[in-house]
1. Return the single residue from 141, 157, 168 with maximal mean-square fluctuation; model: Gaussian network over the chain, springs between Cα atoms under 10 Å.
2. Sequence gap at least 6, Cα distance under 8 Å: using those rules, report the relative contact order of the chain to the nearest whole percent.
3. With contacts defined as alpha carbon pairs under 8 Å and 6 or more residues apart, what's the relative contact order of the stretch 93-187 in percent?
4. Just check the stretch 129-224 against the gyration tensor rule for me: Cα atoms, a ≥ b ≥ c as the square roots of the eigenvalues, rounded for a/c under 1.5, and otherwise prolate or oblate depending on whether a/b exceeds b/c.
5. For residue 199 and residue 178, what does the FRET efficiency come to when R0 = 35 Å and r is the distance between their Cβ atoms, rounded to the nearest 0.05?
6. How long are the semi-axes of the equivalent ellipsoid of the stretch 133-186, taking √(5λ) for every eigenvalue λ of the Cα gyration tensor, in whole Å from largest down?
7. Hey, any idea what Rg/Rh is for the chain, computing Rh the Kirkwood way over Cα pairs?
8. How long is the gain from residue 67 to residue 91 if the chain were fully straight, where each residue apart is worth 0.36 nm and the alpha carbon distance is subtracted?
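What follows draws every value from the coordinates through simple rules; no lab data is involved. Quick caveat: nothing in here was measured; it's all calculated off a predicted structure. Cβ coordinates were reconstructed from backbone atoms using ideal geometry, including for glycine residues, and neighbour counts include every protein chain displayed.
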């Protein structure tokens, strides 16, 4: 279940016709991950690709004043400017990539070597995140990667199987969330807010942090 289907399922759970209070998510991104190992066999970095949905891309490119002729192509200067925009993360933004190993969160660098372009009407952004420190996945101790926006303003889909570079004995399995359960959790949280007198503006401003419940995960294991 993707994109509008998530909102429709939630609306059905609430018994509502998709009002503003269930309008999340607003932005949809197809994500790609490349898992990069070093010579010691440790996971050193994750190469991340975001491909934004067509509507967001159209609005963003217009807001940035790029491609005024609607050619679908950006100049070299516009691509550089776009990369700068999408690498200038505000304080507190964690890049919507979360990694755990052996029950503990793994610290990641900010975006490195960011590039951006417009392809087939969609903004494409790629960057690298370095692990600090690096970790070694095992057969019983997987590295778990979750691509999600905690606020659920943006919905991510892992669009292609993750790539693995630097080792040949690793597997990356994409685990889908339980959308029905996640929708129930969100419906309960929204119902509680409505019962406390929240209006659409209040809910939009303080939307429940349920992005992780709707997130796809990658379970990375290595070894025999």
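1. 168
2. 27 percent.
3. Relative contact order here is 25 percent.
4. Prolate, because a/c is 1.5 or more and a/b exceeds b/c.
5. On the way: r = 30 Å, r/R0 = 0.85.
It comes to 0.75.
6. Numbers: eigenvalues 142, 33, 29 Å².
Semi-axes (√(5λ), whole Å): 27, 13, 12.
7. On the way: Rg = 18.9 Å, Rh = 19.0 Å.
Rg/Rh for the chain comes to 1.00.
8. Between residue 67 and residue 91, full extension yields 5.7 nm more.
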